[in-house]
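Novice: The structure that follows is given in the form of structure tokens.
The values are calculated or read from the model by the stated rules, or taken from the named source; none is laboratory data. This is a predicted model, so every value here is computed, not measured. When we count neighbours, we look across all protein chains shown, and the Cβ atoms used for this are built from the backbone with ideal geometry, even at glycine.
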Amino acid sequence: MKSNQEDKSLRAIHKTDSIVDSIIDQFVERARIGKAKYGTDLDRNDLKILEWIEHAKQEHMDAILYLEKIKQTLKD
């Protein structure tokens, strides 16, 4: 019998449309890169809820900066 980890190592995802398929592929690649870079994934349980909130806040702050850069570039 396979362990839970083995069961998660391969799964079939039905194709939808090109946009959804692209995003799914990007999520999978991002997870792979993050695991390689940080040696952990989102299944970790060493962070407190406030630490997860801080991580999310920092990611959103970065996103706002990227959006502002794009906006200013389009205006030029």
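Novice: Look at residue 22 and say whether it is modelled with pLDDT of 95 or more and out of contact with any Leu (no Cβ under 9 Å at 6 or more places or on another chain).
Specialist: Considered against the rule, which asks whether it is modelled with pLDDT of 95 or more and out of contact with any Leu (no Cβ under 9 Å at 6 or more places or on another chain), residue 22 comes out as yes.
Novice: I would also like to ask the following. Restricting the search to the stretch 19-76, which residues are among the acidic types (Asp, Glu), surrounded by 10 or more Cβ atoms within 10 Å (Cβ to Cβ) and within 20 Å of residue 9 (Cα to Cα)?
Specialist: Correct list: 21, 25, 29, 41.
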